[in-house]
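Since the structure comes first, as structure tokens, the remarks are kept for the end.
The values are calculated or read from the model by the stated rules, or taken from the named source; none is laboratory data. For clarity, every value in this text was computed on a predicted model and none was experimentally measured. Here the Cβ positions follow ideal geometry from the backbone for every residue, glycine too, while neighbour counts run over all protein chains shown.
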Amino acid sequence: MKRLLVFVLLIFCLTESNAQSAANTVSSPDKNIVVNCDIATASYSVSYKGSIILKHSKLGVVREDEDFSKNLQLVKVTAPVIVKDNYTMLNAKKKNIRYIATQRIFETKTLSGKKMNIIFRVSNDGVAFHYEFPERSTGIKKITAETTSFHFNEGTRAWLQPKTEAQSGFEHTNPSYEAHYKIDIPTGTPSPGPNGWVYPALFKHNDTWMLITEAALGRTYCGTALQQYSPDNEYKINFPQAPEVFTNGKATLNPESPLPWITPWRIIVIGSMKTITESTLGTDLAFPARKIDPSFIKPGKASWSWVLQKDDSTIYRVQKKFIDYAAAMNWQYCLVDAEWDKRIGYDSIKLLTDYAKQKNVGILLWYNSAGSWNTVKMTPKDMLLTHESRIKEFSRLQQVGIKGIKVDFFSGDGQSMINYYQDILEDAATYKLLVNFHGATLPRGLQRTYPNFLTAEGVQGYEMITFNQNDANLYPQHAIMVAMVRNAFDPMDFTPMCLYKIPRITKTTTSAFELATSVTFLSGIQHFAETPEGMAHVPFYVQDFLRSIPNSWDDTKLIEAFPGKLYVIARKTGKKWYVATLNGEDIEKKLSLDLSFLKGKKGILITTGTGVKNEVSFATKNTVVPSNGKMEILVKGNDGFVAVFD
């Protein structure tokens, strides 16, 4: 009888333990990803296919009036529910996107009774969570720290970009997310400077890849990063440095808001590299699109003189030539860069715009974001700082027929600066202007919320290659890093592709590599670096490829990739698939690519020819994907190719 009683008690305890465990877990719909949330210790852990990949990571925030990172009491856990979302985008790796996740809300309170909800959503491709303060307040609440962390296993590797120090660099313009990645480093390696590491941040443990980012900042949070130090492989949230604020108004740095208040999503994409590359979590969790007249929102390609020809090219005669160039290439836009107001003038810009309209080309104009946060003097300046000055300028641009603006030199990630980006986007939408941010932060899904936001720099782009040989030497691996990580969710204005020559610089990539970036890089407006003179050296079949390349994509598939070494991507528009490859190493590689989804399809292949490496050298041939779906191809060092299949 005693043995039976002990047995019954044991079964009861096991059942109770399992029930408590289940009460604290959130599983992806396919059950491969499981989050365990422990409110008693304000922590969570994540397992993937039965293995822990994030251990005892911290949850919580600290407000001035209360600490929500410890001594939390669990009030209630909601039952698991499936949340779904369907949306479309013209400025992403996919057009029609479907999001499905399991959601649970952990309702907590502090010892003094203040409430905070922790909301988890777990999809088949990752984990997302954020904090909600459901109470109402009559005053502003301020967050002084966020204790969220990501605690990796020993042996995890990382691919991370340092965040540069505020007001360092050219004319005190940092941070602008322009640095080379630290590649395949051990977790726990400190960032070179106290501003930490930017998102997205890529990690790998055994065969599992993880990508960390954030979305839905709204107007009540700053942009964050990962802290400089990560003892025991634990990365914590880093708030921006003091100068990273909008100084022509209330210079709010760290998060503050009345209640109720919802913080941004913390996102961890989990799975194979294919999962990481094809995931859309960065926009799935962003705020839905504002109601904006869609008629003027047209992705496209642009000619741009400045990147290779610099300041002296911003004159009427040269810009007219670049309008002709865009028209001849069937590109939709021509970007006129800094100092156009002095070197060309408003009246002549009107003449250029009228001329471009006859050629079916739209004009884009550069602006200095202005403000005292840097010392850049380039003009137009001081025109976007207030709502009143913006509507005056944007109204004038609309009357002239300008299609969009490029706004440069922001100051970082403070809450007031995050609001400044959105102020510009909202006023620009009113006057049907497309927007491109340069010297800027990571978009964090902002392009979904504001569809007129077509691209942003936020990357060490092609202009740096034109300035010094070292950046040109690092370009092959850097191109793959930014395509895989920086460009994972958000449009990236890298301004790629010089097929011929870079003044004063020895190219390290083949022309076929350069051509492939027209497909591998995603940008709502792709500003190409190549000039009319350079394009004259390019074979007609390459020019025709660039005339017909799509302005947006319906779908994307990763074929094969490894950060900094190889990137093979397939993108679809209509019935055509474009396959592009970048080899980031200066070694020849024989690739056997799995194109089984294209087996039997006929296509045209553009590769490197037999000419000199640093000169224009192309070859083309017809090809057919074999019945086994395996395409064998040889790529040279720092080489690439493109293929188009109907």
Scanning region 210-269 for residues that are among the charged types (D, E, K, R) and under 30 Å from Phe562 (Cα atoms), the one farthest from the chain's Cα centre (by Cα) turns out to be Asp232
Is it true that Tyr235 is in contact (Cβ under 8 Å) with a residue 24 or more places away in the chain, assigned to a loop (DSSP other than H, G, I, E, B) and buried (at least 20 other Cβ atoms within 10 Å of the Cβ)? no
Could you list all residues from region 503-513 that are buried (at least 24 other Cβ atoms within 10 Å of the Cβ) and of a type outside the set (Phe, Trp, Tyr)? Thr509, Thr510, Ser511, Ala512
Of the conditions (1) surrounded by fewer than 17 Cβ atoms within 10 Å (Cβ to Cβ); (2) in a loop (DSSP other than H, G, I, E, B); (3) in contact with a Ser or Thr (Cβ under 7 Å, 6 or more places away or on another chain); (4) not polar (S, T, N, Q), Glu632 satisfies every one except a single condition; which number is it? (2)
Got at least one residue in region 44-60 being part of a strand (DSSP E or B), in the same structural domain as Thr147 (by TED's automatic domain parsing), surrounded by fewer than 16 Cβ atoms within 10 Å (Cβ to Cβ) and of a type in the set (Gly, Ala, Ser)? yes
Please give the number of the condition Val642 fails out of (1) β-branched (Val, Ile, Thr); (2) within 24 Å of Val538 (Cβ to Cβ); (3) not in a strand (DSSP E or B). (3)
Just checking, how many residues over region 111-154 are touching a helix residue (DSSP H, G or I) at 6+ places or on another chain (Cβ under 9 Å) and outside any strand (DSSP E or B)? 4
Determine which member of the set Ile402, Ile418, Ile424 is modelled with pLDDT of 95 or more, farther than 20 Å from Lys250 by Cα and of a type in the set (A, V, I, L, M). Ile402
Checking Val616 against (1) assigned to a strand (DSSP E or B); (2) modelled with pLDDT under 95; (3) hydrophobic (A, V, I, L, M, F, W, C): exactly one of these is not met. Which one? (1)
Are any of the residues in region 618-626 free of Cβ contacts under 8 Å to residues at least 40 places away in the same chain and under 29 Å from the mean Cα position of the chain (by Cα)? no
Residue count, region 162-172, condition part of a loop (DSSP other than H, G, I, E, B) and touching a Ser or Thr at 6+ places or on another chain (Cβ under 9 Å), comes to 5
Does any residue in region 173-195 that is part of a loop (DSSP other than H, G, I, E, B) come within less than 6 Å, Cβ to Cβ, of a residue that is among the hydroxyl-bearing types (Ser, Thr, Tyr) six or more places away or on a different chain, and which pairs are these? Asn174/Thr164; Asn174/Ser168; Pro175/Thr164; Ala179/Thr164; Thr187/Thr156; Gly188/Ser230; Pro190/Tyr229
Only one of Gly637, Gly603 is closer than 20 Å to Met484 by Cβ and either touching a residue at least 40 places away in the same chain (Cβ under 8 Å) or among the hydrophobic types (A, V, I, L, M, F, W, C) (or both). Can you tell me which? Gly637
Looking at Ala483, Ala516, Ala488, can you tell me which residue is over 25 Å from Val616 (Cα atoms) and surrounded by 21 or more Cβ atoms within 10 Å (Cβ to Cβ)? Ala488
Cβ-Cβ distance below 9 Å, separation of 6 or more or different chains: which pairs start in region 384-402 with a residue that is at positive phi and end on one that is among the β-branched types (Val, Ile, Thr) and not in a helix (DSSP H, G or I)? Gly401/Ile363
What residue, among those in region 392-415 that are aromatic (Phe, Trp, Tyr) and under 19 Å from Ala429 (Cβ atoms), is surrounded by the fewest Cβ atoms within 10 Å (Cβ to Cβ)? Phe394
Top-ranked residue of region 147-169 - restricted to ones that are free of Cβ contacts under 8 Å to residues at least 40 places away in the same chain and over 30 Å from Ser51 (Cβ atoms), ranked as nearest to the chain's Cα centre (by Cα): Thr164
Of the residues in region 371-389, those that are surrounded by fewer than 21 Cβ atoms within 10 Å (Cβ to Cβ) and either in a loop (DSSP other than H, G, I, E, B) or touching a helix residue (DSSP H, G or I) at 6+ places or on another chain (Cβ under 8 Å) (or both) number 13
Looking only at region 547-565, decide whether some residue is buried (at least 19 other Cβ atoms within 10 Å of the Cβ) and under 21 Å from Lys621 (Cβ atoms). yes
Odd one out for Asp184, checked against (1) over 18 Å from the mean Cα position of the chain (by Cα); (2) surrounded by 18 or more Cβ atoms within 10 Å (Cβ to Cβ); (3) more than 24 Å from Ile33 (Cβ to Cβ): (2)
Within region 1-43, how many residues are at pLDDT below 95 and part of a helix (DSSP H, G or I)? 22
Could you please give the count of residues in region 506-545 that are of a type outside the set (S, T, N, Q) and closer than 19 Å to Gly611 by Cβ? 18
Select from region 577-593 the residues that are surrounded by 15 or more Cβ atoms within 10 Å (Cβ to Cβ) and part of a strand (DSSP E or B) and list them in ascending order. Trp577, Tyr578, Val579, Ala580, Thr581, Leu582, Asn583, Lys589, Leu591, Leu593
